[in-house]
1. Is the C-alpha gyration tensor of the stretch 46-185 telling us rounded, prolate or oblate? Criteria: a/c under 1.5 is rounded; beyond that, a/b larger than b/c is prolate, otherwise oblate.
2. For Lys53 and Asp86 in one chain, what is 0.36 nm times their gap in residues minus the Cα-Cα distance, to one decimal in nm?
3. By average Cβ neighbour count within 10 Å, what is the ranking of 152-160, 167-175 from highest down?
4. Rank by packing, highest mean first: peptides 98-108, 55-65, 84-94, 124-134, with packing defined as the count of other Cβ atoms within 10 Å averaged across residues.
5. Using 0.36 nm per residue of separation minus the Cα-Cα distance, give me the extension gain between Ser79 and Lys118 in nm, one decimal.
6. Just add up the charged neighbours of Asn64: K/R +1, D/E -1, any other residue whose Cβ is under 12 Å from the Cβ of Asn64.
Amino acid sequence: MDYKAKDWFLFHDGYVKNIVMILKVLSIVLISLTSLVSCEQEISEKDIQEYKKTMDVRLGHLGNAIIIQGRLLDAFNLSNDRSDEDHFKEAEELVKNHISSFGEPESLRKLKIPNSNKLRQIHNSLIETSELLIAATNALEDNAWLGGSVTYAEMNLEKARVNFQKAVKTIYAVDDNQEIKPEMQYEEYDVGDVPDAKDKLK
């Protein structure tokens, strides 16, 4: 083998070895990053237990607010005259009290919770749930005397329900093989409009 061919071979062999080494380093880095992201998405048992201590009772109030709000909307849809009844107004106050007991959104944002990105995402979704319920409550009150549709309140309640159920399934490790259905889509109606039952069946 002449010197030129030998030099080319040595250079080529060294070049290939460098490329292989770089690829190995890159694969190690990628595996490490993937593991890091995967670990970040998992919430430690210690963090979960600490979060439960802070939020357990609050979550009970939030769940009650969702249930009562749903029943109020069902009752209103059956007959909007019910909004003038005393027990309807009492139920509205119960919803407000439960939301208040869960906590004001600003105070919940400042609440000290375990340092976990996944847990922070869940916490933010619960704060959003509270805000959706507040908006739904206000919409129901406004429409009760305007005589209009409560579609906006229904949409907010549905989003709140989905957020709440997803959060609870993660926090309490609920494995019931039940899929949380996505939010329902409601049609918008102007104040005073009444949907045609026949059209709704099409």
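None of the figures in this text is laboratory data; all of them are computed from the coordinates on show. What you see is a predicted model; the values in this text were computed from it and never measured. Please note: Cβ atoms are built from the backbone with ideal geometry, for glycine as well, and neighbour counts cover all protein chains shown.
1. Prolate, since a/c reaches 1.5 and a/b exceeds b/c.
2. 8.3 nm
3. Going by the mean number of other Cβ atoms within 10 Å, highest first, we get 152-160, 167-175.
4. Descending mean neighbour count gives 124-134, 55-65, 98-108, 84-94.
5. Full extension from Ser79 to Lys118 adds 9.8 nm.
6. So the surrounding residues net to +3.
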